[in-house]
Amino acid sequence: MATLSIEVSSFKPLGDRLLVKISAAEEKSTGGIILPDTAKEKPQVGEVVSVGSGKLSDEGVRQPVDVEVGAKVLYSKYAGTELKIGNEEYILLREQDLLAIVS
């Protein structure tokens, strides 16, 4: 995982990419058993922190990203590039790696 020493507010994804803050992993199972770090699943839900300007079409027209900052999203399990900015974990994704907006 890449570690960056920058401010999140100064991070601007390019094109159709999004910076998503990864939600914390579950500490307990549904049955109430406390999970050790090795048994925790990688979360697939996060909050959009920063959005790129959109994808450029073949005609040269910019297509804006459908997701806004602050939206909770579900993304593909093995998608994106994981980053650590400060003490927080983020993932840099393409818009096509998003599966759903979670309310």
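Do any residues in region 73-96 that are charged (D, E, K, R) have Cβ atoms under 6 Å from those of residues that are outside any strand (DSSP E or B), where the two are at least six apart or on different chains, and which pairs are they?
From residues that are charged (D, E, K, R), the pairs are 77/44; 82/1; 84/1; 94/16; 95/16; 95/65.
Under the condition of being in a strand (DSSP E or B) and modelled with pLDDT under 90, which residue from region 1-42 is farthest from residue 91 (Cα to Cα)?
First, pick out the residues of region 1-42 that are in a strand (DSSP E or B): 2-4, 17-22, 28, 34.
Checking the rest, the ones that are also modelled with pLDDT under 90 come to 2-4, 28, 34.
Details: 2: 10, 3: 12, 4: 12, 28: 23, 34: 26 Å.
Among residues in region 1-42 that are in a strand (DSSP E or B) and modelled with pLDDT under 90, the one farthest from residue 91 (Cα to Cα) is 34.
Please go through region 46-103 and pick out each residue that is farther than 15 Å from residue 17 by Cα and acidic (Asp, Glu).
Within region 46-103, 58, 59, 88, 89 meet the criteria.
Among the residues of region 55-71, how many are in contact with a Gly (Cβ under 7 Å, 6 or more places away or on another chain) and surrounded by 15 or more Cβ atoms within 10 Å (Cβ to Cβ)?
Counting residues in region 55-71 that are in contact with a Gly (Cβ under 7 Å, 6 or more places away or on another chain) and surrounded by 15 or more Cβ atoms within 10 Å (Cβ to Cβ) gives 2.
The values are calculated or read from the model by the stated rules, or taken from the named source; none is laboratory data. Keep in mind it's a predicted model, so treat the numbers as computed, not measured. Every residue, glycine among them, receives a Cβ derived from its backbone with ideal geometry; neighbour counts consider all protein chains shown.
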